[in-house]
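Below you'll find the structure, written out as structure tokens, and then a few comments.
The values are calculated or read from the model by the stated rules, or taken from the named source; none is laboratory data. What you are looking at is a predicted structure, and each value in this text was computed from that prediction instead of being measured. Note that we place each Cβ from the backbone using ideal geometry, even for glycine, and neighbour counts take in every protein chain shown. Accessible surface is based on the protein model in full, side chains and every heavy atom, while ligands, DNA and RNA are left aside. Shrake-Rupley method; radii C 1.70, N 1.55, O 1.52, S 1.80 Å.
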Amino acid sequence: MFIGHFGVGFGAKAAAPKVSLGSLFLAGQFIDLLWPTFLLLGIEQVRIDPTATKVTPLDFEYYPISHSLLAVLGWAVLIAVSYQLLRHYRRGAVVLGLAVVSHWLLDAIVHRPDLPLYPGSAYLLGFNLWSSLSATLAIELLIFVLGVWMYLRVTEPSDAVGKWALCVLIAFLVVIYLANLFGSPPPNVTALAWVGQAQWLLVAWGYWIDRHRRPVATMIVSGRISDT
Ligand SMILES: [Zn+2]
């Protein structure tokens, strides 16, 4: 899953309007942002196998620190507590923690049974939606479209950057997604990991967009009413 996680990031803005889109992307994609580093360090393992599933050419052999449920719960708490300490916005901290966990739940829907419950767990979970390309596309695009729609309902551009940087990002995510689905598999794990590291740029892009958009006018009004 790729743009589904970004869909969650977009949609979560409706639940915590004061959290930057960049932070929401960071949380929703957090364990996939850690994973390339663990691959490069040799701590986690993946095998490139074009016959692995109908959707992804990856066989996730070993990734207990980024993708076991127990570790993900730990990462969620870390993100939530760090945010609370930095920003003192409890609602935002909770939403970010839930966004971290949402990644694991969405991965569990699509992955083959390769997600451990805890490091060393023999029981591996995954409902293997990746056995169907059309079902994967339908679910993931639905999550993405819903998330973007929710984001557009609660924010509006404060200048041209806020409009166009968002449009370009949405188009870029869709193109990357389709290229991943229909392009050739990565040549090796190192190349895969470095492409994965490039996702940090999407987080930065989210922070940039957020600085050029504001809550829609009706939300500001209702916020004022509730403040008084
Ligand atoms: Zn993942």
Which aspartates and glutamates does K54 reach when only Cα atoms under 17 Å apart count, and residues fewer than 8 places away in its own chain are ignored?
D107, D114, E140
I need the peptides 113-121, 84-92 ranked by packing, meaning the mean over residues of other C-beta atoms within 10 angstrom, with the highest value on top.
113-121, 84-92
In degrees, nearest 10, range 0 to 90: what is the angle between the Cα axis of helix 3-12 and the longest Cα principal axis of the chain?
30 degrees
Rounded to whole Hz and in sequence order, give me ³J(HN,Hα) for region 120-136 from the Karplus expression 6.51 cos²θ - 1.76 cosθ + 1.60, θ = phi - 60°, writing x for Gly and Pro.
x, 5, 7, 7, 10, 10, x, 9, 6, 5, 5, 6, 10, 5, 5, 5, 4
Would you mind counting up the charge near V81? Only other residues with Cβ under 13 Å from its Cβ, with Lys and Arg at +1 and Asp and Glu at -1.
+2
Reported to the nearest 10 Å², H103 has, with a 1.4 Å probe, an accessible area equal to 0 Å²
Spatial separation of Cα centroids for region 86-153 and region 1-58, in angstrom:
9 Å
Can you work out ³J(HN,Hα) from phi for every residue in region 145-157, in order, using Karplus 6.51 cos²θ - 1.76 cosθ + 1.60 and θ = phi - 60°, giving whole Hz and x for Gly and Pro?
5, 4, x, 5, 4, 5, 4, 5, 6, 9, 10, 9, x
Keeping all protein chains in place and using 1.4 angstrom, which order do Y63, Y207 fall into by accessible surface area, from largest down?
Y207, Y63
Expressed in nanometres to one decimal, the distance between label points 7 Å along Cα→Cβ at V175 and V77 is 4.3 nm
If the cut-off is a Cα-Cα distance under 23 Å, which lysines reach K163, setting aside same-chain residues fewer than 8 apart in sequence?
K13, K18
Under the helix-only model (-39500 (n - 2.57) for each DSSP H run of 4 or more, divided by the residues of the chain), the mean residue ellipticity at 222 nm, to 500 deg cm²/dmol, is -21000 deg cm²/dmol
Helix axis angle, 69-87 relative to the chain longest principal axis, alpha carbon, degrees
30 degrees
Once ligands and nucleic acids are excluded and a 1.4 Å probe is used, how much of I79 is accessible, expressed in Å² to the nearest 10?
30 Å²
Might you work out the accessible area of F172 for me, using a 1.4 Å probe with all protein chains in place, and round it to the nearest 10 Å²?
90 Å²
